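Below: one structure, written as structure tokens.
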Amino acid sequence: MYAAHCSNTFVLIYQSMMSYSRGLYTAMIMIMMKWLTYVSVQSRFDWDEKQQGLVLASFFWFFWATQVPGGLLAQRYGTKLVFGLANGVPCLLSFFIPLCAGLDYRVLVFLRALQGFIAGASWPAMHNLAANWIPPNERSKFVTAYMGSSVGAAITYPLCGFLINWFDWPSVYHVTGVVGIMWFIAWWLLVYDSPSQHPRISEKEKNYILDKLGETVSEKRKNLPTPWKEILLSRPVWMNILAQWGNIWGLFTLITQAPTYFKLIHGWDIRMTGFLSGMPHLARVIFAILMSILGDCLLRNAYMSRTNVRKMANALCCIGQGVFMLGLAFSGCNSTAAIAFSTVATAVSGAVSTGPLASFIDISPNFASIMLGISNMISVIPGFISPIIVGYLTYENQTVRQWQLVFIISSVMLLVTGILYILFSSSELQEWNSPTEKKYTHELQKLDPQYHSDVIVKQETQYIIQEETDHKTEK
């Protein structure tokens, strides 16, 4: 399936590239401050901790604001345009970061806030592409491509050091800017919003994808009325959001606080801390890939229902991560145990791609981008709350006991959200996925009360026949 895999590959490239960009925009300033021996005297900035904090945080100030609009725009104008611009423009702006930093830190804060505002539309747009291209039993592997960000994070740390050492810190932004522009050109030339629009797709592949998608995805969904009430009152939607909240709380704590923890509690230098910060991300990608293969295999062979596959993945993602985070909390001064627990905790979080991320597409392919936008807008909150709690607990008190409290709080958050997801979630296609058809059915039911039950029986029969046919074909 060349065309579909082409789209998949470029999503993966995007995620790696954007992790370079976002990670470098954020982490590079701190590296620039800490590794002063690598930076020329003329390039150093006398920024205090408060100013550094503003520069680091500004990217996320308005990142949440374009999550839902990004999903709506992708649904109306297509992922190719929205996704492309949401990535290409911030990469173009990265060329101006050294200039803005030289003018004033407040100018740099403005530029980074603008980058975050534009880039916020990218994540929800990806689900629109997945809904158009990927058959239900193959979604786990495709959504795992989102984990490409972890590959970028793992590569970013050593790349920063090499570029700073060889050239000076502005080269980091020039290199990532060039990579981003090259990606945008390739994306624009090779990726299309749907199989029917792709000029080089074979008829066999196109028919295969469209047949597998069936009627769950509407070609005219940009004209469909968004069922806001049904989405906002949907238990499956909120269970997915809850799972995302817990996962992001745990993951953000590990990503942003682990380097400080290892440096202050275990005495690791900045080079070793950088290595330890990158290694878990590679483990996360590997685990996500293995989990997606397992999940899709279970679905193709009808060993488990779609809901149970998503619950299994989330159990690893949230409950598994919570258990290993608890191990990290009680590892004390044992550096080996702390490294092992933090690496495994980060790795199992990769199961999110087979769990709640894929579930959004399962329950409503037509509105998956909007739901992911809502989820991201809410689940970005832990990114603000967690650092505040860590700062409150460890301010002038960098002890094993205080860091133990940090990790226990994260573990409880993960365990509670994971258990609630297992008890109350569902990944079955929701009735409001086709609001126009639902309205039409309701009108006919008024004329013929028997019509609704007949339609339901017919739809269920067609679904069972389709599943049996798919199973025999794949066997």
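Structure values in brief
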item: Filtered residues of region 301-348 (kept if among the hydrophobic types (A, V, I, L, M, F, W, C), surrounded by 15 or more Cβ atoms within 10 Å (Cβ to Cβ) and within 30 Å of LEU429 (Cα to Cα)); result: MET304, VAL309, MET312, ALA313, ALA315, LEU316, CYS317, CYS318, ILE319, ALA347, VAL348
item: Selected residue (criterion: surrounded by the most Cβ atoms within 10 Å (Cβ to Cβ)) from residues of region 98-124 that are over 25 Å from the mean Cα position of the chain (by Cα) and among the hydrophobic types (A, V, I, L, M, F, W, C); result: LEU108
item: First in region 347-375 and touching a residue at least 60 places away in the same chain (Cβ under 8 Å) and within 17 Å of ALA283 (Cβ to Cβ), second anywhere and surrounded by fewer than 24 Cβ atoms within 10 Å (Cβ to Cβ) and among the hydroxyl-bearing types (Ser, Thr, Tyr), Cβ under 8 Å, 6 or more apart; result: SER353/TYR146
item: Close pairs (8 angstrom Cβ cut-off, 6 or more residues apart or separate chains): in the same structural domain as PRO356 (by TED's automatic domain parsing) in region 294-314, among the aromatic types (Phe, Trp, Tyr) and surrounded by fewer than 16 Cβ atoms within 10 Å (Cβ to Cβ) anywhere; result: CYS297/TYR303
item: Some residue of region 89-109 being within 28 Å of SER427 (Cα to Cα), in a helix (DSSP H, G or I) and either at pLDDT below 85 or out of contact with any strand residue (DSSP E or B) (no Cβ under 7 Å at 6 or more places or on another chain) (or both); result: no
item: Restricting region 247-300 to residues that are aromatic (Phe, Trp, Tyr) and under 23 Å from LEU393 (Cα atoms), the residue that is modelled with the lowest pLDDT; result: TRP268
item: Checklist (1) over 18 Å from PRO170 (Cβ atoms); (2) charged (D, E, K, R); (3) in contact with a helix residue (DSSP H, G or I) (Cβ under 6 Å, 6 or more places away or on another chain) applied to ARG112, failing item; result: (1)
item: Residue in region 386-404 that is farthest from ARG310 (Cα to Cα), counting only those that are aliphatic (A, V, I, L, M) and free of Cβ contacts under 8 Å to residues at least 40 places away in the same chain; result: LEU393
item: Helices (runs of 4 or more DSSP H) within region 298-395 that include 1 or more residues of a type outside the set (Val, Ile, Thr), closer than 16 Å to ILE248 by Cβ and out of contact with any Pro (no Cβ under 9 Å at 6 or more places or on another chain); result: 321-329, 356-363, 368-379, 382-394
item: Neighbours by Cβ (under 6 Å, 6+ apart or cross-chain): first from region 40-69, over 30 Å from SER369 (Cβ atoms) and of a type in the set (Phe, Trp, Tyr); second buried (at least 16 other Cβ atoms within 10 Å of the Cβ) and at pLDDT 75 or above; result: TRP47/TYR105
item: Condition check for ILE385: surrounded by 15 or more Cβ atoms within 10 Å (Cβ to Cβ) and among the β-branched types (Val, Ile, Thr); result: no
item: In region 226-256, the residues that are over 19 Å from LYS311 (Cβ atoms) and either in contact with a Cys (Cβ under 9 Å, 6 or more places away or on another chain) or assigned to a helix (DSSP H, G or I) (or both); result: TRP228, LYS229, GLU230, ILE231, LEU232, TRP249, LEU251, PHE252, THR253, LEU254, ILE255, THR256
item: Neighbours by Cβ (under 6 Å, 6+ apart or cross-chain): first from region 196-207, over 16 Å from ALA131 (Cα atoms); second in a helix (DSSP H, G or I) and modelled with pLDDT of 80 or more; result: ILE201/PRO195
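The values are calculated or read from the model by the stated rules, or taken from the named source; none is laboratory data. These figures come from a predicted structure and were not determined experimentally. Here Cβ is always computed from backbone atoms with ideal geometry, including for glycine, and neighbour counts include all displayed protein chains.
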